[in-house]
Amino acid sequence: MSSDLKSLVQDYLAVRPHQAGETVQCGWFVFRIAKSGSPPEIETLDMKRIASFTTDFTEAEKISQQQNEVINQHQVDASPCTLRHSALVSKSYSSGDSGVFLKHDRSSGGTDSGWYVGVYGEQLDMNDIDSVELRSLYELTIQDMRMAPYWLLPEGFLVHLDSGKVERFDPKNQSSL
């Protein structure tokens, strides 16, 4: 199977010095150079286990296609978000649960994506810092692939994971959420 992502990264590396073992970021993804050359052999994260690479680009292509479809459907520019960014996550959240939502607020910078992963009917006190934890988008995606298509949406979006319904909200007026 020909991979658009793989070709894109190989084309990028064709005109740049590179060595086996190095990683390169392309869009939301990170790739590893398995063998330098022309073209270089590259691997993608398998999206099944942390830091596990594969030469099979099927899952990365699927995620890329889903992300592009969501961005195109909502006619917005993609947020400059990568799997290295983090999200604030309610400690009530468990992978695959029903009633889970993603809410994209303004990022505070650095590796903060601005995403919040919450649950409807939250029982924890969200004003208590001990009720939330910081987790990488990569880790969250591996544990719950339902999230993968939405990470590139810009701030001001609310995603209901059970239904896939996506809504816009005004980040300046969040009293309705």
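Details
- Shown is the FRET efficiency for residue 169 and residue 65, computed with R0 = 25 Å from the Cβ-Cβ distance and rounded to the nearest 0.05: 0.45.
- Å² per residue, accessible surface of the chain at 1.4 Å: 55
- Heavy-atom accessible area ranking, 1.4 Å probe, most first, across 81, 26: 26, 81
- Rounded if a/c under 1.5, otherwise prolate or oblate - region 91-177, Cα gyration tensor axes: rounded
- Matching label, P(r) over Cα pairs in 10 Å bins from 0, in percent computed from the structure shown, candidates [x] 9, 31, 29, 13, 7, 6, 4, 1, 0; [y] 9, 35, 33, 16, 6, 1; [z] 10, 31, 25, 14, 11, 7, 3, 0: [y]
- DSSP-assigned coil residues among trypsin sites (Lys or Arg not before Pro) in region 1-71, each with at most 10 further Cβ atoms within 10 Å: 48, 49
- CD proxy at 222 nm, helix term only [per DSSP H run n ≥ 4: -39500 (n - 2.57); per residue of the chain; nearest 500]: -6000 deg cm²/dmol
- Space enclosed by the convex hull of the alpha-carbon atoms of region 70-136, per residue, Å³: 114
- Trypsin sites (Lys or Arg not before Pro) restricted to region 129-177 and DSSP loop, no more than 13 other C-beta within 10 Å: 172
- Taking label positions 7 Å along the Cα-Cβ direction at both residue 91 and residue 52, the computed distance is 2.9 nm, reported to one decimal.
- Here region 99-141 and region 1-68 have alpha carbon centers that stand 28 Å from each other.
- Sequence-separation-based contact order of region 1-156, relative, with Cα cut under 8 Å and 6+ spacing, percent: 22
- With the whole protein complex present, residue 41 retains an accessible surface near 100 Å², based on a 1.4 Å probe.
- Percent accessible area from carbon and sulfur atoms, the chain, protein chains only, probe 1.4 Å: 46
The values are calculated or read from the model by the stated rules, or taken from the named source; none is laboratory data. Remember, it's a predicted structure, so these values are computed and weren't measured experimentally. When we count neighbours, we look across all protein chains shown, and the Cβ atoms used for this are built from the backbone with ideal geometry, even at glycine. Note: accessible area is taken over every heavy atom of the protein model, side chains too, but ligands, DNA and RNA are not part of it. Shrake-Rupley method; radii C 1.70, N 1.55, O 1.52, S 1.80 Å.
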